[in-house]
Amino acid sequence: MTQSMGMAEALRSAMRTAMQQDETVFLLGEDIGIAGGFGGGFTVTLGLADEFGHDRVMDTPIAETAIVGASVGAAMAGMRPVAEMQYGDFVFCAMDQVVNQAAKMRYMSNGQFSVPMVLRLPVGSTRRGAQHAQCSDAYFMHTPGLKVACPSTPYDTKGLLLAAIRDDDPVVFLEHKLLYGTGGRRQESTSVDVLSEVPEEDYEVPLGTVQVRREGQDITILANMLMLHRALAAAEELAAAGVSAEIIDMRCLAPLDLNPLVESVEKTNHVLIVEEDNITGGWGAEVAARLGEQAFYHLDAPIARLAAPDIPVPCAAALERVCVPQVEDIIREAQRVTPE
Amino acid sequence: MPRNASRCFWISCWSDFSTATDSPRSWVTVPPSNAIVGANIPIATGMALGYKLRSTDSVAVSFFGDGASNIGAFHEGLNLAAVANAPVVFVCENNLYGASTHISKATLLDDIAARAHSYGMPGVIVDGMDVEAVHQAAAKAVARARSGSGPTLLEAKTYRYSGHSRGDPCGYRDEEEVALWHKRDPVLRCRGLLADEYGVTAATLDQIEQECQSQVEDAVAFAQAEPDPEIHTCCENVFKA
């Protein structure tokens, strides 16, 4: 049985399924369970405290180091915590616990301790200013010991979150705010209402995978989260202009499955990477380097990257528009890379 | 001392804190030592919360120095433990120095235990050079946590005999201060207590010290004799699989 769901609903469904099945799964974060409250910054956890109680849907002080640190400890003590940062940007308050603690505990203990935790981050620009806008994918992709998931569809969201909760390693789970959808009962002015038919029962989407969303012949476009949807929209217009784009959803950045990307490049001979965060050192830089190493002789043009310039994300709508890649930017770049 | 090189950081300790009859190694779980000052504090809070959620009667104990009581993780970890009623004991070994920095340069407080009041938990000061006093204070704090009454901040007043590291000539403190603290040496005082109040003979005490010395020497020899790890192991345990 499936149900049409947005991303917020899919997250809630995943957490409910996991918590029903496994007593060791619990949630922690700011404002996630308060009675009469809003279920976290984006209503994702609404109703879960009523069902599972306030011990398993734990409201915390504003203390990101403690939220992440306590998750590391609880995970080491046999629980499966799912911690939420109210905005992904706040993870930087807790980076020691993410990078020095969660990511390294297994290695430094020679496998005696594991940290089966999930850290959920609402990410992406929504015209709330530079400190409420980052995607931050690159920092976590760069850190050995962390897995990184960044779904673009509600179907993938539920399946990846279930896989992440059950994984015995720390997973950073990026959720784009504009993809939460109206089902989250909070709509952004520029949000994309993405719905999927999501199974009500248990299923998983494996971590460390990517997904071809649209087949094409002329150019391989790699994108994640919101950019994936803009790339799909661009692909429609590109098709009308005679450019057949193959769109691959980079739904997991670590571990990274390069094989489908190489196969695609062998077919299309052109690559455009579309990412929302700043261009320097973004995930696109790493993927471009690897494709340059492994698919060089299949390329008819340099690998192109479309990303934000190296500036903090502006708050003003007019400035944000030129910072974050838009559909017309993707169309323009794809045509530039594939002159026919 | 467990004769396993990968566990050379294990410490055998506190046999009285559990009534369990199984081996000491199963009473005590020791995570790797943490090079990030204070990072272990919120982790201990989390371990305690995990024990509580799993309905065990285990208690987490976090050890850190006076220097760590100024870092953010200390404040967040203690506050969360208090408000969440976590079964954890926070032990501050106040040895008056954080590396080369005297405590008076790092905080205006003389007593780290005074900070407990900020978080609504008991703050207890104990003579860290007195084995019996520390035992009693620790037992009380562990029992308090185990009974569901929440965390304690236990400050042990003590001293650091050696430098911060092996190469440290300690130019920032004077010989008099070091000598003064040596006079209060806990092992010597414990010897005196055992002899005077419990009638333990000098020969027995000497034997105990010799055995401890041998155990440490054996463990060091064992670790040093271990071959270098094989190169391929550098990629193991990044992830589970």
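At-a-glance table
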| item | result |
| --- | --- |
| Under 5 Å, built H, 5+ apart or other chain: amide partners of A:LEU27 | A:VAL57, A:MET58, A:VAL82 |
| Percentage relative contact order, chain B, counting C-alpha pairs under 8 Å, at least six apart | 18 percent |
| Estimated distance in nm for a label pair at B:ALA143 and A:ASP193, the labels positioned 7 Å out from Cα along Cα-to-Cβ | 6.4 nm |
| Label point at B:ARG166 placed 7 Å out along Cα→Cβ; residues across the stretch B:216-241 whose backbone nitrogen lies under 20 Å | B:216-229 |
| Peptides B:45-57, A:11-23 ordered by average Cβ neighbours within 10 Å, highest first | B:45-57, A:11-23 |
| Accessible carbon and sulfur surface of the stretch B:155-241 relative to its total accessible area, %, 1.4 Å | 57 percent |
| Heavy-atom SASA rank of A:GLU236, B:GLU76 (probe 1.4 Å, accessible area, largest first) | A:GLU236, B:GLU76 |
| Förster radius 45 Å - calculated FRET efficiency between A:ILE62 and B:ILE231, Cβ distance, rounded to 0.05 | 0.50 |
| Cα centroid separation, the stretch A:10-73 to the stretch A:266-340 (Å) | 36 Å |
| Additional length obtainable on full extension of the chain from A:ASP257 to A:ILE279, 0.36 nm per residue less Cα span | 5.8 nm |
| Chain A, relative contact order [Cα under 8 Å, separation at least 6], % | 17 percent |
| Neighbouring partner chain Cβ atoms per residue of A:96-109, average, 10 Å criterion | 5 |
| Karplus-derived 3J(HN,Hα), 6.51/-1.76/1.60, for each residue of the stretch A:215-229, Hz, glycine and proline x | 8, x, 10, 9, 8, 9, 10, 9, 8, 10, 6, 5, 4, 4, 5 |
| Whole-Hz ³J(HN,Hα) from phi, Karplus 6.51 cos²θ - 1.76 cosθ + 1.60, for the stretch A:158-174, glycine and proline x | 5, x, 6, 5, 4, 4, 5, 5, 7, 6, 8, 10, x, 10, 8, 10, 8 |
| Global form of the stretch B:169-241, assessed from the alpha-carbon gyration tensor, a/c cut-off 1.5 | oblate |
| Global geometry of the stretch A:254-340, whether rounded, prolate or oblate, following the gyration tensor of its Cα atoms and the 1.5 cut on a/c | oblate |
| Antiparallel %, DSSP beta bridges [both residues in chain B], to 5 | 10 percent |
| Burial ranking of peptide ranges A:37-49, A:57-69, A:314-326, A:250-262 (average Cβ count within 10 Å, highest at the top) | A:57-69, A:37-49, A:250-262, A:314-326 |
| Per-residue mean of C-beta atoms belonging to partner chains within 10 Å, peptide B:80-92 | 2 |
| Where A meets B: accessible area buried, both sides, 1.4 Å probe, Å² | 2800 Å² |
| A:LYS267 paired with B:ILE36, simple spin-label distance in nm, labels 7 Å along Cα-to-beta-carbon | 4.2 nm |
| Loop sites in the stretch B:132-241: trypsin sites (Lys or Arg not before Pro), DSSP, at most 13 other Cβ within 10 Å | B:ARG166, B:LYS183, B:LYS240 |
| Average partner coverage of B:51-63, which counts Cβ from other chains inside 10 Å | 3 |
| Full-stretch length increase - B:GLN215, B:THR107 - with 0.36 nm per residue and alpha-carbon distance subtracted | 35.0 nm |
| Enclosed volume per residue, in Å³, of the convex hull spanned by Cα atoms of chain A | 128 Å³ |
| Cα-projected label distance for B:VAL131 with B:LEU180, points at 7 Å along beta-carbon direction, nm | 2.6 nm |
| Protection proxy ranking of A:299-308, B:89-98 - average other beta-carbon atoms within 10 Å, highest first | B:89-98, A:299-308 |
| Helix-only CD estimate at 222 nm, as mean residue ellipticity for chain A, using -39500 (n - 2.57) per DSSP H run (n ≥ 4) | -9500 deg cm²/dmol |
| DSSP beta bridge pairing in the protein assembly as shown, given as percent antiparallel to the nearest 5 | 20 percent |
| Tensor-based shape of chain B (alpha-carbon gyration tensor, a/c under 1.5 rounded, otherwise prolate or oblate) | rounded |
| Extension gain, A:GLN217 back to A:ASP22 (0.36 nm per residue minus Cα-Cα distance, nm) | 65.7 nm |
| Percentage relative contact order, the stretch A:137-254, counting C-alpha pairs under 8 Å, at least six apart | 33 percent |
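The values are calculated or read from the model by the stated rules, or taken from the named source; none is laboratory data. Being a predicted model, the structure only gives us computed values, none of them experimental. Virtual Cβ from ideal backbone geometry, glycine too; neighbours counted across all protein chains shown. Just the protein is used for accessible areas: all its heavy atoms, side chains included, with ligands, DNA and RNA removed. Shrake-Rupley method; radii C 1.70, N 1.55, O 1.52, S 1.80 Å.
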